[in-house]
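The structure under discussion appears below in the form of structure tokens.
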Amino acid sequence: MGGLIIFFLICIIWFPLLFISLVRSVVGVVNHPIDVTVTVKLGGYEPLFTMSVQQQSIQPFTEAAYEQLTKDFGNNAVAMQFITLYSYDDIVTAMIEGSSGSVWRISPPSRQELIKELLESPVDLTLRLAWTFQRDLGKGGTVEHTFDKHSIDLEPGNPVRADLASLLVGNRTQPVFVPNMFPNYIRAPNGAEAKPVSQLYKE
């Protein structure tokens, strides 16, 4: 049974995220990702944040860290049933830098339009986090890239919209906290989709 779980905690522009992946082996060979890419996009505008890390930033998990993970979910039978399908050597940690790997290529008119939309639009504005994992097919598997995305709709009147607009205008220097921005854990089997793992969400 092939699978991959990612725990996010990286520091990006407005909110922190972090990456850990539990990668199930393929035919006895642990096929860790060799590249992890994260993108954050607001509405139909150019991506706000894009960052990729390769093997040098994807570190093996430790036995001590695995024990801590099991302690964290020790009282959750459903989560423990899932976690025990994996061992610590099935896990890696991908450290994502806080600075985007690309320049935000938005034109001044589009930037102003985005600010106006955040402050005045009567419709929801979608904030989307997308992730892609690349694996070495030489170690097994049938799909090289595994991906998915998580979206939240910022409805009119949501304070996050005003905070983001202030950040874009330059009136704010503090990070903007976006609740429920990203799933904590993701499972990526041998197929093309990398879905969040609801069993590991604490109530």
Over the residues of the stretch 44-97, compute the C-alpha Rg and express it relative to 2.2 N^0.38 Å.
1.54
What lysines does Lys41 reach when the alpha-carbon gap must be under 26 Å and sequence neighbours fewer than 8 apart in one chain are set aside?
Lys116, Lys149, Lys195
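Each value in this text was obtained by applying a stated rule to the coordinates, not by laboratory testing. Everything quoted here is computed from the prediction, not taken from an experiment.
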